[in-house]
Amino acid sequence: MQWAASWAAHLGVRGRALPRAPRRRLSGWQDGLRRTPLHDFHLAHGGRLVVFAGWRLPLQYRDGHVDSHLHTRRRCSLFDVSHMLQTKILGRDRVKLMESLVVGDIAELRPNQGALSLFTNEAGGILDDLIVTNAAEGYLYVVSNAGCRDKDLALMQDKVRELQSRGGDVGLEVVDNALLALQGPAAAQVLQAGVAGDLRKLPFMTSAVMEVFGVPGCRVTRCGYTGEDGVEISVPAARAVRLAEALLANPEVRLAGLAARDSLRLEAGLCLYGSDIDEHTTPVEGGLGWTLGRRRRAAMDFPGAAVIVPQLKGQVPRRRVGLTCEGAPMRAHSPILSAEGTVIGAVTSGCPSPCLKRNVAMGYVPPEYSQPGTPLLVEVRRRQQEAVVSKMPFVPTNYYTLK
């Protein structure tokens with residue numbers, strides 16, 4: 001239970017567990033919280049529900065956070081990520097719209113290829129991170145963060161109206177599907193039993209629409225937020241429970257919640273928006289300069305380009321780094337100090353690594369302190385302890401790419 005309380009605090013969720021079953025069904029979300037199509041499914045399987053980004057979501061299940069984390073690394077786990085915002089951008093000017101908002105080269109994406117990109121503002125700050133897929137069916141499929149849902153929708157809808165007012169052919173649809181993430185080394189083997197196509201032909205960051213365990217119209221994208229091989233499956237909401245039950249019928253698969261998802265992504269060196277990156281962080285400061293398309297850098301035609309592009313070859317005031325330490329776990333907002341004891345930065349995410357049996361964290365420090373192996377100090381519970389700048393990912397990633 002201490003683990004659960006700690007992770008609830010780290011994730012910014014309300015740590016009090018919600019009731020396992022309401023006295024009566026709350027029609028229209030009378031409590032103001034959104035529910036995924038798998039809400040009752042989570043309760044039935046022992047999920048401990050918490051409030052996250054305005055949703056009721058499972059923090060963990062009966063087997064606990066650490067067991068879920070390790071099971072994902074060794075076999076595979078099923079995560080409900082239906083809270084993520086899914087949209088379609090349609091029309092002849094869909095690429096023009098998206099490239100007016102993000103740093104990536106969307107025009108160069110092959111059919112059914114996706115890429116991580118960033119919404120940025122004119123000051124060079126990151127408004128959100130998102131995955132954009134050039135769907136072969138003639139639209140862009142976009143997945144972005146639940147915590148930025150209203151902001152992202154307003155951003156895209158305003159741009160749609162702007163282009164339409166100038167005669168542009170573009171539109172936006174919110175996709176009401178559920179989204180399931182099957183993650184871990186056994187994920188492809190488990191999923192292969194329920195699809196007709198050969199998943200060996202679906203490498204990392206590619207996507208296809210297919211029938212999955214008898215459920216038609218599912219978009220399967222080979223990606224995830226754990227550092228492991230895996231897929232995210234966009235499935236019609238009414239069939240989500242059926243698909244989850246089919247996947248869970250395989251003994252290799254267990255359910256996992258927010259706590260395991262967060263520690264897995266941290267071991268993989270992946271950012272959490274609102275913690276490790278935000279509107280005051282540039283892509284270069286955040287170690288995400290690689291998301292800038294080469295053509296976009298040359299054209300400098302994305303929001304904040306005048307700030308971001310010069311940083312690629314110049315100095316930045318701070319850089320995101322990985323940290324490891326012994327002793328008490330580093331947590332968000334823990335001060336980072338030089339070896340001489342001067343405060344030089346702060347931790348943005350941290351946890352005990354279930355795989356490494358040591359504490360890992362991310363944070364920001366001036367460039368002169370960012371080299372791996374640099375000894376630093378962190379202040380935890382008003383005590384200073386030794387830390388070392390470490391390469392990320394902390395645990396090797398296992399994405400599936402074609403040889």
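Assorted remarks:
- Calculated mean residue ellipticity at 222 nm for the chain: -6000 deg cm²/dmol, from DSSP H runs with n ≥ 4 weighted as -39500 (n - 2.57), summed, divided by the residue count and rounded to 500.
- Going by accessible surface with a 1.4 Å probe and the largest first, Lys313, Lys391 read Lys313, Lys391.
- Charging the Cβ of each Asp and Glu at -1 and of each Lys and Arg at +1, and nothing else, the dipole of the chain about its Cα centre rounds to 740 debye.
- In a fully extended conformation the segment linking Glu340 and Ala154 would gain 62.3 nm over its present Cα-Cα distance, using 0.36 nm per residue.
- Centroid-to-centroid, using Cα positions, region 293-365 and region 366-399 are 9 Å apart.
- Protection proxy ranking for 396-402, 282-288, 341-347, 259-265, using the average of other Cβ atoms within 10 Å per residue and placing the highest first: 259-265, 282-288, 341-347, 396-402.
- With an a/c value of 1.5 or above and a/b not larger than b/c for the gyration tensor axes a ≥ b ≥ c computed over the alpha-carbon atoms, region 140-179 is described as oblate.
- Whole-Å distance, taken between Cα centres, linking region 230-286 and region 95-159: 18
- Heavy atoms of Met392: accessible area, 1.4 Å probe, square angstrom to 10: 60
- In the chain, a dipole from Cβ-located charges (positive for Lys and Arg, negative for Asp and Glu) runs towards its positive end, and of Pro251, Val343, Gln384 it is Pro251 whose Cα lies farthest in that direction.
- Modelled spin labels at Leu312 and Ser165, positioned 7 Å past Cα toward Cβ, are 3.2 nm from each other.
- Phi to ³J(HN,Hα) by Karplus 6.51 cos²θ - 1.76 cosθ + 1.60 over region 104-120, Hz, x for Gly, Pro: x, 8, 6, 4, 8, 5, 6, x, 6, 9, x, 8, 6, 9, 9, 6, 10
- Scanning residues 5 or more positions from Trp55 or on other chains, those with amide H under 5 Å from its amide H are Arg34, with H placed 1.01 Å from N in the peptide plane.
- Förster radius 56 Å - calculated FRET efficiency between Arg382 and Arg200, Cβ distance, rounded to 0.05: 0.60
- Built amide H within the under 5 Å cut-off of Ile344, gap 5+: Ile336, Leu337, Ser338
- Against the criterion of solvent-accessible heavy-atom surface with a 1.4 angstrom probe, Phe204, Phe79 sort, most first, into Phe204, Phe79.
- Less than 5 angstrom separates the built amide H of Val380 from those of Gln385, all sequence-distant by 5 or more or on a different chain.
- Excluding ligands, DNA and RNA, the accessible surface per residue across region 169-250 is 36 Å² with a 1.4 Å probe.
- Count of lysine pairs in the chain with Cα separation under 26 Å (8 or more residues apart, or interchain): 11
- Listed residues Tyr225, Tyr141 arranged by accessible area, highest first, probe 1.4 Å: Tyr225, Tyr141
The values are calculated or read from the model by the stated rules, or taken from the named source; none is laboratory data. Please read these numbers as outputs of a predicted model, since none were measured by experiment. Neighbour counts are summed over all protein chains in view; Cβ atoms, including those assigned to glycine, are modelled from backbone coordinates with ideal geometry. These accessible areas exclude ligands, DNA and RNA; they are computed on the full protein's heavy atoms, side chains included. Shrake-Rupley method; radii C 1.70, N 1.55, O 1.52, S 1.80 Å.
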